[in-house]
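Everything on this sheet refers to the single structure shown next.
Any read-out appearing in this document is the output of simple, stated calculations on the displayed coordinates, not a laboratory observation. Fair warning: this is a prediction, and the values are worked out from it, not measured in the lab. All Cβ positions, even for glycine, are placed from backbone atoms using ideal geometry, and neighbour counts span all protein chains on display.
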Amino acid sequence: MLHSKNLFSLLLVTFALGIFACASQEYTTAKLAIQQSDWAKAAEWLPKAMAVEPDNPEIPIVLAIEIYGQKKNWDKMNEMFDLAMSINPEKVIEVRNRFLPVKNAVNNYREHFWAESFNAGVEEYRKIQDDPDNKNIYLERAIEDFKSAVQINPNDAQSHVTLAKSYFEMKNETMAKETILSAVTINPDSYEANIAAGQILGRTGASTEEILPYIEKAVEVNPSASDALRELAGLYYDLDRKGEAVSVFENAISNEKDDKVKADLYFNLGVIHNQMTHYEEAEKSFDEAFYLNDQDYEAALGMASSYEGLGDKYLNGSDGFTKDVEKAARWYRKAESKIRDVISIDYDNTSKYERQLELIRYKRDVAETN
């Protein structure tokens with residue numbers, strides 16, 4: 001009677017022989033060449049095996065991985081992957097001593113080669129920090145790696161975006177725009193592709209009208225992304241659509257967690273309110289900005305400007321305000337106080353703020369003597 005261990009070993013041998021027995025002579029020869037790392041022979045016999053066994057999806061996958069993938073012939077590799085998928089995506093095959101369905105093998109190895117190329121590009125990019133004098137050399141290498149990543153998986157938005165940004169760093173604006181617009185075409189619902197498209201177009205001289213659709217799409221895809229909301233509000237402001245800009249900034253503020261970023265958002269909101277002569281709303285926004293970042297002298301300046309604007313309205317009785325010199329004087333005093341806060345933070349520019357103080361004091365004197 002055979003021992004169970006010997007029986008198991010015999011079954012494995014029988015199973016292995018069964019596999020080779022089912023394979024054509026051409027595929028058996030190719031497999032043996034792969035086991036012996038004879039890649040020239042494998043490259044010769046795998047296509048022959050594929051011709052003899054046209055319905056076997058394992059052969060094009062092995063050809064893709066062992067020959068085309070190693071040679072970085074990404075187009076041919078993908079061609080073989082697509083061929084295998086067209087034959088039977090569900091069939092279980094053996095690849096590198098693993099048994100798995102065709103579709104899993106294709107996804108796993110495409111991801112493997114993509115990650116190798118993309119990470120190699122990232123590594124080249126990182127070298128710039130330690131050796132900035134050779135920035136262009138590292139960028140050229142990174143671009144080649146990112147181009148490979150795009151070829152390996154054309155549907156991956158991240159690869160296109162990173163490649164486009166690398167071209168921009170190389171000051172190749174034409175390729176940067178071409179690459180990022182291709183990313184949006186292939187991935188129209190990608191937040192990363194749309195926000196990058198808007199930013200790159202903006203930095204390469206495109207008009208606000210050209211940029212707007214990409215940023216609007218980015219916000220549509222990710223309504224809580226504060227970066228995109230800030231971009232969108234700025235575009236609306238440039239287009240004199242200030243009411244929409246206010247709404248977008250308010251939305252951005254409600255979604256932002258970082259206090260410094262939120263302070264900037266409040267500041268920008270205050271600027272828009274000031275432009276719209278909504279001084280009370282502007283004052284509230286600047287106050288919030290200064291509360292979140294008490295070193296933001298620009299927010300304090302914005303508050304002073306809002307206080308001065310309110311003083312002007314009460315002094316002149318304009319824009320629906322009833323003339324009230326006492327209220328005017330009070331708002332001018334608040335403006336003076338806030339300018340002094342600015343001086344305490346940005347004391348290097350004291351002389352500039354002193355001139356502003358003189359004007360506000362003059363208006364206060366006018367109000368107090370009426």
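Structural remarks
- Extending 7 Å from Cα along the Cβ direction at E173 and again at K72 yields two label points whose distance is 3.1 nm.
- Summing Cβ point charges (Lys, Arg +1; Asp, Glu -1) relative to the Cα centre of region 171-243 gives a dipole of roughly 160 debye.
- Helix 25-35 axis versus longest C-alpha principal axis of the chain: approximately 60°, rounded to the nearest ten.
- Residue order for F290, F168, fewest other beta carbons within 10 angstrom first, comes to F168, F290.
- Candidate aspartates and glutamates for bridging to K363, where Cα separation is under 13 Å - those fewer than 8 sequence places away on the same chain excluded: E308, D312, E326, E336
- Between 0 and 90°, nearest 10: helix 350-368 axis offset from the chain longest Cα axis: 50 degrees
- Given +1 at the Cβ of Lys and Arg, -1 at the Cβ of Asp and Glu and no other charges, the dipole of region 281-370 around its Cα centre is 400 debye to the nearest 20.
- Across the chain, the mean sequence separation of Cα contacts (distance under 8 Å, 6 or more residues apart), normalised by length, yields a relative contact order of 6 percent.
- Placing +1 on the Cβ of every Lys and Arg and -1 on the Cβ of every Asp and Glu, with no other charges, gives region 207-299 a dipole of roughly 160 debye about its Cα centre.
- When the helices of the chain are scored as -39500 (n - 2.57) per DSSP H run of n ≥ 4 and the total is divided over every residue, the value at 222 nm lands at -25500 deg cm²/dmol.
- Of all lysines in the structure, those lying under 23 Å Cα to Cα from K257, and not within fewer than 8 positions of it along the same chain, are K217, K284.
- Quarter of Cα convex hull surface for region 281-370, i.e. mean projection, nm²: 5.4 nm²
- Karplus-derived 3J(HN,Hα), 6.51/-1.76/1.60, for each residue of region 339-348, Hz, glycine and proline x: 5, 5, 4, 4, 4, 5, 8, 10, 5, 5
- Dipole-positive endmost among V325, N73, Y191 within the chain (Cβ charges, Cα centre): N73
- Helix 208-221 and the longest principal axis of the Cα set of the chain meet at an angle near 70°.
- Neighbour counting of Cβ atoms within 10 Å sorts the residues F321, F81, fewest neighbours leading, into F321, F81.
- Taking all Cα pairs closer than 8 Å and separated by 6 or more residues, the relative contact order of region 281-370 comes to 27 percent.
- Here region 23-110 is treated as a sphere whose radius is the Kirkwood value from Cα pairs; by Stokes-Einstein at 37 °C and 0.692 mPa s it diffuses with a coefficient of 261 µm²/s.
- Whole-Hz ³J(HN,Hα) from phi, Karplus 6.51 cos²θ - 1.76 cosθ + 1.60, for region 116-122, glycine and proline x: 4, 5, 5, 5, 5, x, 4
- Distances between placed amide hydrogens fall under 5 Å for I93 paired with L100, V102, all partners being 5 or more residues away or on another chain.
- Derived scalar couplings between HN and Hα for region 58-66 equal 5, 5, x, 5, 4, 4, 4, 6, 7 Hz in order, rounded to whole Hz, by the Karplus curve 6.51 cos²θ - 1.76 cosθ + 1.60 (θ = phi - 60°), x for Gly and Pro.
- Most positive-pole-ward Cα, Y291, Q356, G311, against dipole of region 281-370 from beta carbon charges: G311
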